[in-house]
Structure formats: C-alpha cells, structure tokens
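A short write-up of the structure that comes next.
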Amino acid sequence: MVDRIAVLGGGTGGAVLANDLADRLAAEIDAGDVEVTLINDDPDHVYKPVWLYVPFGQREPADGRRPLRELVDSRIDLVIDRVTEIDADAKALALRDAPGSLAYDYLVVATGSTLAPAEVPGLVEGGHDYYSESGAVALRDELLSMTEGHLVLSVVGTPHMCPAAPLEFVFMADDWFRERGLREDVDITYTYPINRVHGNANIAEWARPIMDERGIDVETFFNAESVDPDAGTIASMEGSEIDYDLLVGVPPHRGVDVVDEADLGDRGWVDVDKHTLEADAADGVYAIGDAATTGVPKAGSVAHYQAGVVGRRLASEVRGRPATATYDGKTLCFIETGMDSASFVEFDYENPPSPAPPSEKLHWSKLAYNESYWLTARGLL
C-alpha cells in the first residue's frame with residue numbers, strides 16, 4: 001500500500017516541508033511506498049519579505065521570485081493547479097484544471113495568507129501596501145515623488161503577515177527621508193488597532209520609545225473603518241479621523257475559501273493543536289505557517305520550524321510509529337530599525353521576546369539571510 005502525502009501550498013512552509021519529506025523519506029519514496037505531491041497555483045515560489053525593501057529602492061521585484069520546480073526535490077510530484085475543494089471525509093482534493101480528484105492519506109495545508117483590502121471601503125482606491133508585489137512597486141513610485149506632506153502607516157487588519165513589518169516600514173521611512181534631507185517636511189503617523197504599537201506587549205514596549213525619539217506620531221485604538229480617497233482621510237470606528245497625503249495600509253488578511261468550505265476553521269485559517277499542528281476537525285490533516293491558528297506570528301520562521309515538526313510526525317506515521325515531534329512555538333525575526341540598523345527577537349510559547357539592541361551588524365545579518373533564504377527553501381539550511 002502506498003502512503004500518499006499531499007502538501008497544499010508552495011510558500012515557505014510547503015516548500016520546506018516537501019524537501020524535508022523528500023530527504024527524510026527518500027528510501028520509501030524511491031521504493032514506491034510513499035508519494036509526496038506539492039500543489040501550488042503559481043509556478044513561482046515567492047519570498048514576500050523582499051517586498052518591504054522594494055518601495056525604498058533596495059530590491060527589485062524579481063529578487064523575490066524563483067521557479068518552484070528549481071527549489072523542490074525531484075522526488076516530489078509538483079502540480080501547478082488550484083485546489084477548489086477539500087473533501088476531508090473522502091480524503092480527496094478537487095483541482096481546477098484536472099479531471100477527477102487527487103486522493104491523499106495525509107494532507108498538509110500550507111496555503112498562507114491572502115490580502116482583503118476591499119473589506120475596508122476606500123482602502124483599495126486610497127491606500128498603498130507593501131504586502132504584495134504590485135503594491136510594493138506602486139508604493140515605490142509614490143515614495144520617490146514625495147518631498148513633503150503626511151505619510152500615514154495604518155495597521156488596518158490583524159493578524160497579518162510579518163507582524164514586525166509595520167514597525168520596520170516607519171523606522172525605514174523615517175531614516176530614508178532623513179538621508180534625503182526631507183524628514184522635517186514629511187510627518188509620519190503610525191496607527192494600531194489596540195492600545196499599544198504592536199500585538200506583543202514586549203515588542204511594543206521596546207518599539208514605542210524609538211518611535212517617540214524619532215518623532216513618529218502614534219495613534220493607538222485606531223480601528224480603521226473607511227478611507228476617503230478624495231478628501232485624503234482615514235476614519236476609525238472610534239470616531240477619529242486622520243488626514244494623509246500618502247496612506248500605507250496593512251490590509252485585512254484572510255486564509256483561503258476552500259478551508260472554510262471544508263469546515264476546517266474560520267476565515268480561511270485551519271484550527272489546529274498548537275503543539276502537534278493536527279487539524280481539530282479532520283483526521284490525517286495538518287496545517288502549518290500562516291494557515292494554522294497556533295497563536296504565534298504569521299512569519300516565515302514559524303512555517304520553517306513547523307514544517308520540520310510535521311515532517312518528523314509524518315515520517316513516524318508512515319513507518320507505523322507513534323508521532324512524538326511537537327512544536328514549541330519557536331519564532332525568530334529580524335526587525336529593521338532604519339536603513340542600516342536592525343534588532344533581533346527569538347521566542348516561543350514559554351519565553352517572551354526580548355529585542356536585541358539595534359546594530360548595523362544585525363541589519364547585515366538580516367540582509368545576508370534574505371540572500372541565503374533560497375537555500376532554506378531548498379531544505380539546505
């Protein structure tokens with residue numbers, strides 16, 4: 001009997017897991033006892049952290065893309081198609097372009113996050129983002145032409161990918177305008193929907209003094225409700241309103257519809273056990289990365305570590321052994337604090353983050369990791 005493992009999504013979690021399984025189960029795959037299929041609706045693998053640097057002219061969009069086939073082990077069956085239905089009872093997937101269905105014994109959902117700016121009236125027309133390739137390119141053009149006025153970064157939706165990125169953007173923008181001699185002519189305001197500048201209290205406590213020192217205005221308890229592109233204003237549910245000349249919004253994030261339709265969770269996220277990463281609502285189903293509701297940040301490092309855990313668990317299961325590997329919530333993240341300095345945090349379920357003092361060394365460490373990321377996707381780091 002062949003054990004069929006399907007991995008849905010070719011982002012960081014899916015690619016790392018596929019390569020992990022190709023290595024870990026090499027003998028079983030070569031013997032025809034295990035088949036691993038990776039399904040992605042884009043032939044490219046996208047490294048989204050690159051988009052943060054595009055608006056400042058530090059990177060090009062092409063730097064964030066590689067053909068997925070070049071990154072995935074040849075033992076993996078790669079299917080470029082969109083899954084339109086997950087039948088968790090029958091253990092089968094329906095594909096948009098292929099007839100019939102694709103059967104599985106084990107399914108790993110690694111579908112990541114999608115942007116939903118249309119949920120906020122006026123945000124599509126009046127705002128810019130750097131959470132997408134097209135958004136980052138458009139924002140680059142706006143930033144380059146901005147010599148004065150009011151730049152507003154509004155965290156509209158939470159949770160969102162890379163929770164530190166909004167802080168990074170305003171720190172980098174502050175430094176970038178200073179280097180160009182324009183900072184006195186450009187006001188910067190940062191809004192966040194709760195009563196601090198970041199969802200994690202420890203990171204918020206670290207970041208707020210830096211923002212105050214640099215003259216970055218802060219509006220907390222600002223839950224963006226609508227944007228008026230003609231008036232250049234963003235209004236909150238709390239009744240406040242901010243004028244802007246350039247609005248950078250972190251839009252609401254959602255998972256994918258097929259997760260909701262399969263009753264695996266809510267808003268496209270899969271409800272899982274935060275340690276085993278097994279889906280609450282279906283046997284033989286796991287979720288990793290952004291798609292999994294574990295309570296940890298939606299960050300690439302999370303997907304990477306979770307992929308290793310699920311790889312070990314699946315290897316145990318197909319070999320008829322108890323699956324004992326667990327995820328401890330490990331997360332690590334570099335946080336840019338300007339154009340040439342950065343901090344670093346590492347934490348897990350038991351240990352809170354304690355950001356390192358910003359330094360040029362950590363900045364270059366982050367840039368070095370961005371360059372070596374493709375080795376991580378290949379399962380070599």
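The values are calculated or read from the model by the stated rules, or taken from the named source; none is laboratory data. Everything quoted here is computed from the prediction, not taken from an experiment. Counting neighbours? That spans all protein chains shown, and the Cβs are built from the backbone with ideal geometry, glycine included. Ligands, DNA and RNA are stripped out before the accessible areas are found, and what is left, the full protein with its side chains, is counted by its heavy atoms. Shrake-Rupley method; radii C 1.70, N 1.55, O 1.52, S 1.80 Å.
Would you calculate a helix-derived [θ] at 222 nm for the chain, using -39,500 (n - 2.57) for each DSSP H run of n ≥ 4 and dividing by the full residue count, to the nearest 500?
Working: 10 runs with 109 residues, N = 381.
Value at 222 nm, helices only, nearest 500: -8500 deg cm²/dmol.
How far apart, in nanometres, would the label points at Asp87 and Lys361 be if each is projected 7 angstrom from Cα along the Cα-to-Cβ direction?
5.8
According to a simple spin-label model (label point 7 Å from Cα along Cα-to-Cβ), what is the distance in nm between Arg65 and Arg196?
According to this spin-label approximation, the distance is 3.9 nm.
Just the Cα atoms of the range 116-252: what Rg and Dmax do they give in Å?
13.8, 38
If one computes P(r) from the Cα atoms of the range 90-142, what percent of pairs lie at distances over 15 Å?
66
Can you tell me the convex hull volume per residue for the chain, based on C-alpha atoms, in Å³ to the nearest whole number?
Value for the chain: 134 Å³ per residue.
Could you check the spin-label model distance between Lys274 and Thr147? Points 7 Å from the Cα along Cα→Cβ, value in nm.
5.1
Between 0 and 90 degrees, rounded to the nearest ten: what's the tilt of helix 360-377 against the longest Cα principal axis of the chain?
30
Quickly rank 106-116, 11-21 as a protection proxy: mean count of other C-beta atoms within 10 Å, highest first.
11-21, 106-116
Please state the charge dipole magnitude for the range 116-252, taken about the Cα centre, from unit charges on C-beta atoms (+1 on K and R, -1 on D and E), reported in debye and rounded to the nearest 20. If you can, show how the numbers build up before the last one.
Working: 7 positive and 26 negative charges, 101 e Å.
Dipole size: approximately 480 debye.
Can you pull the percent of the range 116-252's accessible area that's carbon plus sulfur, 1.4 Å probe, other chains left in place?
Roughly 44 percent of what the probe reaches on the range 116-252 is carbon or sulfur.
Would you mind telling me the antiparallel percentage of the DSSP bridges in the range 163-316, rounded to 5?
Among the beta bridges of the range 163-316, antiparallel pairing accounts for roughly 65 percent.
Can you list the aspartates and glutamates whose alpha carbon is less than 13 Å from that of Lys366, not counting same-chain residues fewer than 8 positions off?
Within the straight-line cut-off, Lys366 pairs with Glu168, Glu336, Asp340.
Any idea of the accessible area per residue across the range 116-252, 1.4 Å probe, to the nearest Å²?
Ligands and nucleic acids excluded, the result is 41 Å² per residue.
When only Cα pairs under 8 Å and 6 or more residues apart are kept, what is the percent relative contact order across the range 116-252?
Contact order relative to length: 38 percent.
Averaging sequence separations of C-alpha pairs under 8 Å and six or more residues apart, then dividing by the length of the range 32-163, give the relative contact order as a whole percent.
24
Determine the sum of side-chain charges near Lys298: Lys and Arg each +1, Asp and Glu each -1, restricted to other residues whose C-beta is under 12 angstrom from that of Lys298.
Within the 12 Å Cβ shell, the charges total +1.
Can you tell me how much longer the chain between Glu184 and Asp260 gets when fully stretched, taken as 0.36 nm per residue apart minus their C-alpha distance, in nm with one decimal? Walk me through the numbers on the way to the answer.
Working: separation 76, 0.36 × 76 = 27.36 nm, distance 4.79 nm.
So the chain would gain 22.6 nm between Glu184 and Asp260.
Assuming R0 = 45 Å, can you tell me the calculated FRET efficiency for the pair Gln58 and Ala103, based on Cβ-Cβ distance, to the nearest 0.05?
0.50
Among Tyr305, Val137, Pro251, whose Cα lies farthest out toward the positive end of the dipole of the chain, if unit charges sit on the beta carbon of Lys, Arg (+1) and Asp, Glu (-1)?
Tyr305
Which listed residue (Tyr47, Pro61, Ala94) has the Cα farthest towards the positive end of the charge dipole for the range 47-114, taking +1 on Lys and Arg C-beta and -1 on Asp and Glu C-beta about the Cα centre?
So the residue we want is Pro61.
Does the range 218-366 come out rounded, prolate or oblate, given a ≥ b ≥ c as the square roots of the eigenvalues of its C-alpha gyration tensor, rounded meaning a/c under 1.5 and, failing that, prolate meaning a/b above b/c?
In terms of gyration-tensor shape, oblate.
What percent antiparallel are the DSSP beta bridges of the chain, to the nearest 5?
Numbers: 28 of 63 bridges.
Rounded to the nearest five, the antiparallel share is 45 percent.
Let's test the formula: R0 of 51 Å, r as the Cβ-Cβ distance of Ala31 and Thr114. What FRET efficiency results, to the nearest 0.05?
0.85
What number comes out for the charge environment of Pro352, summing +1 per Lys or Arg and -1 per Asp or Glu over other residues with Cβ under 11 Å away?
Taking every other residue near Pro352 into account, the sum is -4.
Of Gly295, His198, Gly215, whose Cα points farthest to the positive end of the dipole of the range 170-295 (charges on the beta-carbon: +1 Lys, Arg; -1 Asp, Glu; origin at the Cα centre)?
Farthest towards the positive pole: Gly215.
Net charge within 13 Å of His198 by Cβ-Cβ distance, Lys/Arg positive one each and Asp/Glu negative one each, not counting His198 itself?
0
Treating only the Cβ of Lys, Arg, Asp and Glu as charged (+1, +1, -1, -1), what charge dipole size does the chain show about its Cα centre? Round to the nearest 20 debye.
Its charge dipole is roughly 1260 debye.
Just for the range 116-252, what percent of DSSP beta bridges are antiparallel, to the closest 5? If you can, show how the numbers build up before the last one.
Numbers: 7 of 22 bridges.
Approximately 30 percent, going by the DSSP bridge assignments.
Between the helical axis of 300-318 and the dominant principal axis of the chain, each derived from Cα atoms, what acute angle in degrees is found, rounded to the nearest 10?
Tilt relative to the chain: about 10 degrees.
Please sort 224-232, 328-336 by packing, taking for each peptide the average over its residues of neighbouring beta carbons within 10 angstrom, highest first.
Listed from highest to lowest mean packing, they are 328-336, 224-232.
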